Structure formats: structure tokens, C-alpha cells
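Data block below; observations after.
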Amino acid sequence: MARENQAPREQKEQSELTEKLVHINRVAKTLKGGRRFGFSALVVVGDGKGRVGFGHGKAREVPEAITKATEVAKKSLIRVPLRENRTLHHDVAGRFAAGRIVMRSAPPGTGIIAGGPMRAVFEALGVHDVVSKSIGSNNPFNMVRATFDALQASSSPRAVASRRGLKVADLVSRRKQAQEQVND
């Protein structure tokens with residue numbers, strides 16, 4: 001009976017996830033009789049509320065590659081803390097291979113200022129205001145992995161406070177004091 005109750009919840013979770021196709025690549029395998037073509041797909045999946053994942057799939061046909069990539073993405077979801085459900089808590093940098101990225105939190109109304117692969121990740125994540133820059137490789141696979149590296153490095157004030165043994169109010173008040181000093 002436990003399985004019967006879990007199935008509808010799992011289907012509900014899967015249905016609220018949005019899929020974004022980031023990149024499709026045609027790949028070739030050389031055989032005795034010539035070349036065999038296949039397709040590689042990179043997909044980002046998110047719920048728009050702070051959970052996001054990415055997947056890579058390969059198959060002989062494009063729809064199959066996208067399906068495989070989507071399944072892998074759903075299994076690799078991570079939770080990212082968002083400030084006011086619209087931006088990051090702090091500036092963060094990420095790196096994967098030759099791809100480096102920098103992400104900065106932004107005030108309301110800024111929008112998503114990011115390149116193609118990073119934009120797909122932010123839209124699936126549910127970020128509305130962020131400024132980001134890609135430095136180095138513009139390979140979509142490396143950019144998405146670097147973005148995830150940075151997102152995993154971001155933390156919320158609650159996590160920092162518990163790690164330091166402080167109260168969240170102390171950290172937030174320090175942030176406001178620092179902003180006032182910068183503005184003066």
C-alpha cells in the first residue's frame with residue numbers, strides 16, 4: 001500500500017518540473033561501412049522554486065537523447081537557497097575545466113543577465129534577478145557544470161549562522177551595516 005501512495009506524489013513532483021533543452025550536438029562514429037550518426041543532448045530541469053538539475057544523454061535519434069538527458073537531470077536535482085525567492089544570497093564563482101563563471105546577486109527588476117546555458121539554469125531554478133559572466137570556455141557542457149559548481153558553493157544565512165554558532169539576525173544585521181557603510 002505504501003507504493004500506491006508514493007506513485008501519485010512522485011508523478012506530481014515530476015509534472016511540476018520544467019525542462020529546458022540547452023544544447024544538441026551531432027556526433028559521429030566511424031565504422032567499417034562508413035559513419036554512424038547519433039545525437040547528444042544537454043537538458044536542465046528545475047521546479048522554479050530553488051531545485052535544479054542537469055543531464056546529458058546520447059542516442060541515435062534526438063527525442064531519445066532528450067528523454068535520456070531529462071531522466072538523468074531529474075535524478076541529479078540539487079537545492080539552492082534563494083534570497084526572497086528571486087536572487088542569490090551572495091556573489092559566487094564557479095569553475096569546471098576551462099570554463100569559469102561569476103554570479104552576482106542583483107536588486108529587484110534587474111532580470112537575468114546571463115549567457116545561453118547559464119540563463120537556462122537560472123530560469124529552471126526560479127531566479128529572477130542575477131548578473132553573471134562567463135570567462136574562458138563557452139562550451140555549453142562546461143558552462144552548465146561551472147554554474148552548478150557555483151550554485152553548490154552558495155549558502156544561506158541560516159546555514160552560515162548554524163555553522164558559526166550565531167543567530168541569523170546577527171548575520172543579517174551585519175549585512176545591513178556593511179551596505180550602509182558602502183553607501184555612505
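Annotations
- Protection proxy ranking, highest mean first, for peptides 139-149, 26-36, 95-105: 139-149, 95-105, 26-36, where packing is the per-residue count of other beta-carbon atoms within 10 Å, averaged.
- Taking segment 81-183 and dividing mean pair separation by its residue count, relative contact order in percent (alpha carbons under 8 Å, at least six apart): 30
- Dimensionless Rg over Rh [segment 80-184; C-alpha; Kirkwood]: 1.01
- Relative contact order for the chain, counting Cα pairs under 8 Å that sit 6 or more residues apart, in percent: 17
- Qualifying GluC sites (Glu not before Pro) for segment 67-132 [loop in DSSP, other Cβ within 10 Å: at most 11]: Glu84
- Counting charges near Ser137 (Lys, Arg +1; Asp, Glu -1) among other residues having Cβ under 15 Å from its Cβ returns a value of +3.
- Helix-only arithmetic for the chain: the sum of -39500 (n - 2.57) across DSSP H runs with n ≥ 4, divided by the residue total, places the mean residue ellipticity at 222 nm at -13000 deg cm²/dmol.
- Relative contact order computed over segment 17-84 (Cα-Cα under 8 Å; 6+ residues apart), in percent: 28
- Local electrostatic count, Met118, Cβ distance below 15 Å [Lys/Arg +1, Asp/Glu -1]: +3
Taken together, the values in this text are just the output of simple stated rules run on the coordinates, not laboratory data. As the structure is a prediction and not an experimental result, all values here were calculated from the model. Here the Cβ is made from the backbone with ideal geometry for all residues, glycine too, and neighbour counts use every protein chain on show.
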